[in-house]
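Trainee: My questions will all concern the structure given below.
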Amino acid sequence: MLNDLSKDIFSNLKKFRDKQVTAENAIKTFIKPGDRIFIDSGCSEPLDLTKKLIELGQELPDVEILHFLSLSDLDYYETAGNIENLN
């Protein structure tokens, strides 16, 4: 029985790994011009994803990023070109 359980766990882990993508790949695949993105607030903010969004800001025309309480360093919003901080 434990052997079957182990097989199921490893099978599910493999399926999960097969679905993983980089933040950059996910952004370039799913975010389109004109999209509005809400970034969760406070400790729920995905910091790496937020930083990658800003880094790729020049490639995301007319994308609006909304947030209420960011734990990120907001200085990068000011230097990202097309990104405007509306706080």
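Trainee: Among 55-67, 39-51, what's the highest-first ranking by average C-beta atoms within 10 angstrom per residue?
Mentor: Listed from highest to lowest mean packing, they are 55-67, 39-51.
Trainee: Full extension from Asp8 to Gln58: what is 0.36 nm times the residue separation minus their Cα-Cα distance, to one decimal in nm?
Mentor: Additional length available on full extension: 13.7 nm.
Every read-out reported here was derived from the displayed coordinates using simple, explicitly stated rules and does not represent laboratory data. Just so it is clear, the structure is predicted and the values come from calculations on it, not from any experiment. Using ideal geometry, Cβ is built from the backbone for each residue, glycine included, and neighbour counts are taken over all protein chains shown.
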